[in-house]
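S.K.: So that we are looking at the same thing, I have put the structure below in structure tokens.
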Amino acid sequence: MTELKNVEAELSRFRIRLWAAAGFVLFCFGLLLYRLVVLQVVRHDDLAAQAENNRIAVVPIVPNRGLIVDRHGVVLANNYSAYTLEITPSKVDDLEGTIDALSHIVDIQPRDRRRFKRLREESRSFESIPIRTRLTDAEVARFTAQRFRFPGVDIQARLFRHYPYGELASHVLGYIGRINQREAEAMEDWPDEDRANYRGTEYIGKLGVEQSYERELHGITGFEEVETSAGGRAVRRLRSNPATPGNTIHLSIDIKLQALIERLFGSRRGALVAIDPRNGDVLAFVSKPTFDPNLFVDGIDVDNWKDLNESADKPLLNRALRGTYPPGSTYKPFMALAALNTAKRDPRTIIMDTGVFNFGGHAFRSPENERGGAMDMRRAIVESSNVYFYSLANEMGVDLIHDQMSPLGFGRQTGIDLKGEVSGILPSTDWKRKAYRRPEQRKWYAGETISLGIGQGYNSFTMLQIATALSTVVTNGQRYEPRLVSHIEDVVTRERRQAERATLDPVPYKPEHTALIKDAMYGVTQQGTSTRVFMGAGYASGGKTGTAQAVGLRQGEKYVASRMDEYRRDHSLYEAFAPVDAPRVAMAVIVENAGFGAAAAAPIARRVLDYLLLGIYPSEEDILAVQQGRGVAPTGQPRKVSDVPLPLGRDAFGGTVTGLTADALSANGIPVPRATPAASAPGSAPSSPEPAHPLPVVPTAPASAASVVMPAASKESP
């Protein structure tokens, strides 16, 4: 049976479908038109800016770090340019396989792998991390020929920090290192302008002057606008704003004197601080043993870090800044001044020194070599009478001693321009209540006061504090904050400005009181404990020897150095100032576990004063005698300081160089931080660094291996 179709109904349904399809097409075109209007009209400016940003890359230009020079302009820290082989982990699929393949082209040692692993843990995956630094030209050429095989690996031209003197003055200079995670988080709180100045910067000052004057040394980051292709490869440079190099930091220390002092210590541990009492300039700042700051610049390897960190000598400890010791008999002149200032004792009062001071059933004894007898204040200082100062401490009491010593700077930071200074311990009843938890420990016992008079007991100070206190006394109460940086030189204008220092109120001492103390300390060098050391000196100086116990002795126990381990032996201390009539130097020195103050510390002080006041440099024979603890008055044929050359140093590539000043380097065509190399654009070949020509290198003094250990406070034997 034939089915009849309704043609009209079929056509109607077709027309509806046609119009629906046409409407859908028109709707889609409408959407496209709407989107076109939005993109081309409404968001035109925004999208045009984005397109421009995609076309143009802004590359930060890291500035040259500023130089650090000594008081005569000798360069102590500089920069050099070199190639580094760097890997961006996020762009490499098989990291270990890539490193293995690279090792067939470039020499990669196990220590390089360990350092890379540590740096990778501290960095983000999209940051490039060096696997090898200081590539040779041959290595650069070999890798360049094979670059296509290693996506995510590239060669960069970088500036590196270099310390040509190596271990010399390392605790003063400090070092720079890669910014770690903790420092990066701290930088998030910086003002936007300061944070922006560190874009592209991977290194920051970690210790010493490098850390304290980071903002001055860093400079101002520049930028470069580079047009890039769709693949991110640089096409051309559009414009650039050059970086401003960091400023030059001028220290107040003389590096030749610093080298001499470190040689005089030899392999012994200790510290020395010498200050100009007229203005607070630090003339020498020594901590022994030292370390090589160059080890930290590229990231120290595990073996070297273990050697430094686990050494019993603690070479990383800045003893002058953070090493605290009982001052021993060097405390006695300050005790005498406190007695005069409070009228607790007349200088003519006689105290009979029988060798023993009895208090509360305990016998406080003097060393067997003390003369004893009738002691007035001057003789007690000259002959270092323990009994005189035992009785004085008992009369004054701990809190009065604290109140008199605090204005001199004991027990608080001096304000020196280095970070990390410790306060030490200037005991008082309030201090003990806060320092201990158990009730019986928090109570101050009268017997604890006795040992304070001879610089033992809880007393614990740095050599910096003792030198600063002595400076205050010899200037009749005038106080200055000690400063290692004398002035800062603007790298652009060449103008120099003084380093900031706070003005401190003077301590109101009577001139006749400070005159008596200075005269007594002068007597120490004429008929006292340091007479043999200062025999024949061409100037009048004042001083005081000290012998401080590193460990306490039981009641009745006799001290015999030869029967004790080295680290348990007494420390040797000496404080000095000169000339007596118009002091230009105030100094404190300690040689750890070296015994009597006149045997080890005083001979070093004598050579420093000879250098500063007479321009005399000791003979090699004399230097050896002092190193071995046999030094008294100088022996052999001394030399003029001006005739002694700076020791030879080494450049970043191991070459030997002589000391040069920044001005001499500039005159010889060696670049100093006055211009900055342009950074490579993203995706482009690295720009060639300036010839691998290290900047100023200064001689490095033969640094001896030394050791370091923190002493325990206890009673003293002068």
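S.K.: Considering only residues that are in contact with a helix residue (DSSP H, G or I) (Cβ under 8 Å, 6 or more places away or on another chain) and in a loop (DSSP other than H, G, I, E, B), which ones fall in region 277-297?
M.R.: Matches in region 277-297: 277, 280, 290, 291, 292, 293.
S.K.: Would you point out the residue of region 483-500, among those that are in a loop (DSSP other than H, G, I, E, B) and of a type in the set (Val, Ile, Thr), that is nearest to residue 420 (Cα to Cα)?
M.R.: In this case the residue turns out to be 491.
S.K.: Evaluate region 194-213: report whether one residue or more is more than 30 Å from residue 73 (Cβ to Cβ) and among the basic types (Lys, Arg).
M.R.: Within region 194-213, one or more residues are more than 30 Å from residue 73 (Cβ to Cβ) and among the basic types (Lys, Arg).
S.K.: Please verify whether region 645-654 includes one or more residues that are open to solvent by 10 Å² or more (accessible area, probe 1.4 Å), under 30 Å from residue 79 (Cβ atoms) and without any contact (Cβ under 8 Å) to a residue 12 or more places away in the chain.
M.R.: Yes, the conditions are met somewhere in region 645-654.
S.K.: Could you give me the residue pairs with C-beta distances under 6 Å whose first residue belongs to region 124-142 and is among the polar types (S, T, N, Q), whose second residue is at pLDDT 85 or above and in a loop (DSSP other than H, G, I, E, B) wherever it lies, and which are 6+ apart or on separate chains?
M.R.: Filtered contacts from region 124-142: 128/88.
S.K.: Check residue 340 against each of (1) more than 20 Å from residue 386 (Cβ to Cβ); (2) more than 28 Å from the chain's Cα centre (by Cα) and name the one condition it does not meet.
M.R.: Single failed check for residue 340: (1).
S.K.: Starting from residues that are in contact with a Ser or Thr (Cβ under 9 Å, 6 or more places away or on another chain) and not in a helix (DSSP H, G or I), keep the ones in region 300-320 and report whichever is surrounded by the most Cβ atoms within 10 Å (Cβ to Cβ).
M.R.: 318
S.K.: Say we look at region 576-602 and pick out the residues that are part of a loop (DSSP other than H, G, I, E, B) and closer than 20 Å to residue 622 by Cβ; which of these is most open to solvent (accessible area, probe 1.4 Å)?
M.R.: From region 576-602, those part of a loop (DSSP other than H, G, I, E, B) are 579-584, 592-596; that's our starting set.
If we keep only those that are closer than 20 Å to residue 622 by Cβ as well, we get 594-596.
On the way: 594: 36, 595: 18, 596: 76 Å².
Ranking the candidates gives 596 first.
S.K.: Turning to a different aspect of this structure: Residue by residue through region 461-482, note down the ones that are open to solvent by 10 Å² or more (accessible area, probe 1.4 Å) and outside any helix (DSSP H, G or I).
M.R.: 475, 476, 478, 479, 480, 481
S.K.: If you go through region 418-440 one residue at a time, do you hit one that is of a type in the set (A, V, I, L, M) and within 23 Å of residue 283 (Cβ to Cβ)?
M.R.: Checking region 418-440: at least one residue is of a type in the set (A, V, I, L, M) and within 23 Å of residue 283 (Cβ to Cβ).
S.K.: Then there is this: Looking at region 369-390, which of its residues are at positive phi, surrounded by fewer than 22 Cβ atoms within 10 Å (Cβ to Cβ) and in a loop (DSSP other than H, G, I, E, B)?
M.R.: Across region 369-390, the qualifying residue is only 372.
S.K.: Can you name the number of the only condition in (1) touching a Lys or Arg at 6+ places or on another chain (Cβ under 7 Å); (2) within 25 Å of residue 379 (Cα to Cα) that residue 487 fails?
M.R.: (2)
S.K.: Filter region 321-368 for residues that are of a type in the set (Val, Ile, Thr) and either part of a loop (DSSP other than H, G, I, E, B) or in contact with a Pro (Cβ under 6 Å, 6 or more places away or on another chain) (or both) and give the result.
M.R.: If the condition is that a residue be of a type in the set (Val, Ile, Thr) and either part of a loop (DSSP other than H, G, I, E, B) or in contact with a Pro (Cβ under 6 Å, 6 or more places away or on another chain) (or both), then 324, 342, 349, 350, 354 are the ones that fit.
S.K.: Same structure, new question: List the pairs whose first member sits in region 79-108 and is surrounded by fewer than 15 Cβ atoms within 10 Å (Cβ to Cβ), whose second member is among the basic types (Lys, Arg), and whose Cβ atoms are under 8 Å apart, counting only residues at least 6 apart or on separate chains?
M.R.: Hits for this filter: 101/149; 107/132.
S.K.: With respect to residue 259, determine if the residue is out of contact with any helix residue (DSSP H, G or I) (no Cβ under 7 Å at 6 or more places or on another chain) and touching a residue at least 12 places away in the same chain (Cβ under 8 Å).
M.R.: yes
S.K.: Need a quick list: helices (runs of 4 or more DSSP H) entirely within region 56-147 having at least 1 residues that are of a type in the set (Lys, Arg) and under 27 Å from the mean Cα position of the chain (by Cα).
M.R.: Values: elements: 95-102, 110-122, 137-146.
Result: 110-122.
The values are calculated or read from the model by the stated rules, or taken from the named source; none is laboratory data. Since the model is a prediction, treat every value here as computed from it, not as a measurement. Heads up, the Cβs are rebuilt from the backbone with ideal geometry, glycines too, and the neighbour counts pull from every protein chain shown. The accessibility values were calculated without ligands, DNA or RNA, using every heavy atom of the protein model including side chains. Shrake-Rupley method; radii C 1.70, N 1.55, O 1.52, S 1.80 Å.
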